[in-house]
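What follows is one structure encoded as structure tokens, with my remarks underneath.
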Amino acid sequence: MASISLKRITSTWIITVMVLFVIAILFGITMRFNQGKLIQISPTSFYSIMTVHGLTMIGIWSVAGLAAIHYLLSRYLSIPTSISVFAFIFTVLGVVMLWSSAFIGEFHAGWTFLYPLPFKVAWKSWATPLFLSGLAVLGVAWLVWSVGILYQILKKYTITQTLGWQHFSTNPSIETPPLILISTVSLIGIIVCLLSAVVLLVLFFAEYFSNGAYSNDPLLMKNITYFFGHTIANETLYLGLASLYELMPEISKKPKFKTTWYVALAWNCTLVFILTAFFHHLYMDFVQPLGFQMIGQLASYFASLPAAAVTAFSVAVLVYKNQIRWSLSNILFFLGVMGWIIGGIGALIDATISNNIILHNTLWVPAHFHTYNAMGNVLFSLAFFVWVANDFSDLPVDSGIPKFIISLLVLGGFGFVLMFYLGGAMSIPRRFALYPPEFNNLSWLATLGGWFAVVYLISILFIFFTILKKCLKVFSAS
Amino acid sequence: MKEHTLILLLFLVISIAIMGLFLVIFQSSKIENETGMQNPKKKRFFFFIILASILLVLLSITIPKSPYFQYADNSPAKVVYIAAQQYVFLSSFQAITLDNINTEAIEVPANEVIEFRVTSLDVNHGFAIYNDKAELVTQTQAMPGYINKLRWKFTEPGKYNILCLEFCGGGHSFMRSSFTVK
Ligand code: HEM
Ligand SMILES: [Cu+2]
């Protein structure tokens, strides 16, 4: 059972995430309107905004996923609330440091801060160390939180049980709840990738403080950067799926999902494949060893198969020809699976080396990752928020699908990403503050994409207001 | 049809099919007497086998088309050196290094294999070749300390533009150059 203190910190996370989400969307819309020449900001402001937008989005949906599993796992084990509070304080500190480095210090090396760009100082000289330190603060906070949760899981289950290995035998002695299985797989991934971020930061600081005596290898740094960036973005999505497995059947008033041998197998495969799929970010670095390039395509293809196919199929079995009591939260889960899979198709196309040569770093890239984030992972987290807000208060639970909100969400979200896909197919580069003359006739794509994002934002605001009142209730309850 | 258009169409068709499928599943949840999915285990088995086979077929078709194998056995008719730098591209028929900075206009023959040896003198950049219809033809990365060799055979003469496809700082979107194919 969730204690009142757990409810309060969870509520604090939700409100913080939603406020930052709205601001980050506004940054996104600003970028799109600038690309569409509807407004004009300087390229350096554009890139500061882009850096903050990317980091904030990745950050808030990671913590939203962690906050969700922390809350849900308390049904099975007890996790000290204090680590969530600790993580919150340090997250706020880290965010303030990053935003200051970008908005006051004018730092603008992109959220992937690819080496050696942060050292080519085109901003206040203190902004680079502040940015790197801000990342370090976030890294430590999330590492402590993830390790803390994993530690509690391992106090109750053995490591092989958490990974569901007993389900490979005919008569498993105990059942690992899917929430435990998926949380463990994601937490291991998150911990490994946060450790890689620590290594990356150490290498950055080593060069920074060596005064030219030591310099890093750009290819190695790029590999570590994308190992970190790719992995964190994907594991975050799996955290969202952990809530789906736990909650979607329950909200739909159906029997719980069970871990069986194929569910266990799928998530074990995912654990392995996802750690090597990042190689697809380096396809266009021809000096990268050929073996890694091949592993990149293979792992990308097979990382998507087990988790996605098993989840999609389980959701289909849950819903197909079964009477479902639809509400805002389970329709968000349902739509999220759809968005995730469509984004996954976009990703698979791009992860094919022979396509990557004409899609790499075009708008196809933000197209597919915005699909599985804005129309996938975000919806999983929002579904959890809506469900937990009902858990917080005894205000009446809304039932039925709010058609207006869902229509805006679908129209705005898919319209917004479609403009990116069209841009990508027409070879428009990503991360261009302004488009070169050959794309002048296509600037309407950016403007229209921005307007679709406004529609998406409106539906997000509606959802925010639906849950805000209930989230605030926990602070007045005794 | 152009590759770019084919890719887009393929994606749109699959996406619309997925949306349709989800709509069908959603609509089926509004029935009075529920029956559930018949034979889910068997259906799941075939679902997996079909998906895995599609992926394997796609892998075996696409891997050999990877750029690393293209024109690997030919010897290039011309070698062009490219060095990227915030925010310009230097291009030359001789090697470009920090001690030997030089740049010249490039003209290469059509229907011959050309090799671009691409590097960077500062941060990571991209080296992307666009034709005069603003279509991305091919690309590689420009990484400091490394030389990426990109081979290509231009079938159509004309002016080709070079754009930077790796974020390299405030001037990134203005960084460009061009060359001619005769
Ligand atoms: C409707 C809401 C959103 C809008 C309007 C928006 C808009 C944008 C735009 C215009 C860009 C720059 C594209 C370019 O390269 O030219 C961008 C980049 C990005 N967005 Fe979003 N976005 C939204 C939601 C999200 C969400 C939910 C995520 C979640 C993870 C996200 C993560 C990112 C990341 C990581 C980048 C890359 C930043 C970089 O290149 O350094 N965005 N977004
Ligand atoms: Cu650039």
- [ ] Using a Förster distance of 30 angstrom, determine the FRET efficiency expected from the C-beta separation of A:Phe103 and A:Trp444, and round it to 0.05.
- [x] 0.50
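Carbon and sulfur: what percent of the stretch A:4-476's accessible surface (1.4 Å probe)?
Numbers: 11030 of 15390 Å².
So the carbon and sulfur contribution to the accessible surface is 72 percent.
Can you tell me how the stretch A:283-375 classifies by the Cα gyration tensor, rounded, prolate or oblate, using a/c under 1.5 as the rounded cut? Walk me through the numbers before you get to the answer.
Values: a/c = 4.20, a/b = 2.17, b/c = 1.93.
It comes out prolate by the Cα gyration axes.
Just checking the output field for A:296-306: average partner chain Cβ neighbours within 10 Å of each residue's Cβ? List each step's numbers first, then the result.
On the way: counts 0, 5, 3, 0, 0, 7, 4, 0, 2, 5, 3.
Mean number of neighbouring Cβ atoms from other chains: 3.
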Task: Highest to lowest packing among A:44-53, A:373-382, A:117-126, scored as the average C-beta count within 10 Å - done: A:373-382, A:44-53, A:117-126
Open item on the list: Suppose each label sits 7 Å from its Cα in the direction of the beta carbon; what would the A:Gln40-B:Leu98 distance come out to in nanometres?
Closed with: 3.8
- [ ] Classify the stretch B:1-158 as rounded, prolate or oblate from the Cα gyration tensor: take a ≥ b ≥ c as the square roots of its eigenvalues, call it rounded if a/c is under 1.5, otherwise prolate when a/b beats b/c and oblate if not.
- [x] prolate
Open item on the list: Give me the percent relative contact order of the stretch A:4-476, please, defined on Cα pairs under 8 angstrom at least 6 residues apart.
Closed with: 18
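Scan the stretch A:180-233 for chymotrypsin sites (Phe, Trp or Tyr not before Pro) in coil per DSSP, keeping those whose Cβ has at most 15 other Cβ atoms within 10 Å, and list them by number.
On the way: sites: A:Phe204, A:Phe205, A:Tyr208, A:Phe209, A:Tyr214, A:Tyr226, A:Phe227, A:Phe228; in loops: A:Tyr214.
Taking the stretch A:180-233 and a limit of 15 other Cβ atoms within 10 Å, the loop chymotrypsin sites (Phe, Trp or Tyr not before Pro) found are A:Tyr214.
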- [ ] Quantify how much of the Cα-Cα distance distribution of the protein assembly as shown extends past 39 Å, in percent.
- [x] 31
- [ ] Take peptide A:348-360, look around each residue's Cβ out to 10 angstrom, count Cβ atoms belonging to other protein chains, and average those counts.
- [x] 6
- [ ] Filter the GluC sites (Glu not before Pro) in the stretch B:1-100 to those in DSSP coil with at most 10 other Cβ atoms within 10 Å of their Cβ, and list the result.
- [x] B:Glu32
- [ ] Grab the Cα-Cα distance for A:Val192 and A:Ile159, subtract it from 0.36 nm times how many residues apart they are, and report the gain in nm with one decimal.
- [x] 10.3 nm
Open item on the list: How are the alpha carbon pair distances in the stretch A:333-478 distributed across 10 Å bins from zero to the largest one, expressed in percent?
Closed with: 11, 34, 28, 16, 8, 2, 0
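Which value, to two decimals, describes the C-alpha radius of gyration of the stretch B:65-182 once divided by 2.2 N^0.38 Å? Working shown, then result.
Working: Rg = 13.3 Å, N = 118, 2.2 N^0.38 = 13.5 Å.
After normalising by residue count via 2.2 N^0.38 Å, the value is 0.99.
Summing both sides, how much accessible area is buried between A and B? Use a 1.4 Å probe and give Å² to the nearest 100. Before the final figure, lay out each step's value.
Details: alone 19280 and 12880 Å², together 25020 Å².
Interface area, both chains combined: 7100 Å², rounded to the nearest 100.
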TODO: Shielding by partners for B:168-181, please: the mean number of other protein chain Cβ atoms within 10 Å of each residue's Cβ.
DONE: 4
- [ ] Starting with the highest mean, order B:22-28, A:351-357 by the number of other Cβ atoms within 10 Å, averaged over the residues of each peptide.
- [x] A:351-357, B:22-28
Open item on the list: If I take every Cα pair under 8 Å that is 6 or more residues apart in chain B, average their sequence separation and divide by the length, what percent do I get for the relative contact order?
Closed with: 18
Task: Per-residue HN-Hα couplings for the stretch A:126-133 [Karplus 6.51, -1.76, 1.60; θ = phi - 60°; Hz; x = Gly/Pro] - done: 6, 5, 5, x, 5, 4, 5, 5
Task: Value of relative contact order over the stretch A:249-362, rounded to a whole percent, pairs C-alpha under 8 Å and six or more apart - done: 32
Open item on the list: Using a probe radius of 1.4 Å on heavy atoms only, what accessible surface per residue do you get for the protein assembly as shown? Whole Å² is fine.
Closed with: 38
Task: Viscosity 1.002 mPa s, 20 °C: Kirkwood-radius Stokes-Einstein D of the stretch B:82-129 over Cα pairs, µm²/s - done: 185
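Taking the Cα centre of the protein assembly as shown as origin, work out the dipole magnitude from +1 charges on Lys and Arg Cβ and -1 charges on Asp and Glu Cβ, in debye rounded to 20.
Magnitude of the dipole: close to 1540 debye.
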Task: Links that overshoot a 23 Å alpha carbon limit, given the list A:Lys254/A:Lys321; B:Lys133/B:Lys153; A:Lys258/A:Lys469; A:Lys256/B:Lys42 - done: A:Lys258/A:Lys469
TODO: Provide, for q = 0.18, 0.20 Å⁻¹, the log10 of I(q)/I(0) from a solvent-free Debye sum over equal Cα point scatterers in the stretch A:105-239.
DONE: -0.98, -1.12
Open item on the list: Please report the spacing between the Cα centers of the stretch A:371-431 and the stretch A:240-265 in Å, no decimals.
Closed with: 21
TODO: Would you kindly give the portion of the calculated P(r) for the stretch B:1-84 that falls above 15 Å, as a percent of all Cα pairs?
DONE: 80
Task: the stretch A:1-64-the stretch A:443-478 distance, computed between alpha-carbon centres (Å) - done: 12
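The values are calculated or read from the model by the stated rules, or taken from the named source; none is laboratory data. Keep in mind that what you see is a predicted model, and the values were worked out from it rather than measured. Every residue, glycine among them, receives a Cβ derived from its backbone with ideal geometry; neighbour counts consider all protein chains shown. These accessible areas exclude ligands, DNA and RNA; they are computed on the full protein's heavy atoms, side chains included. Shrake-Rupley method; radii C 1.70, N 1.55, O 1.52, S 1.80 Å.
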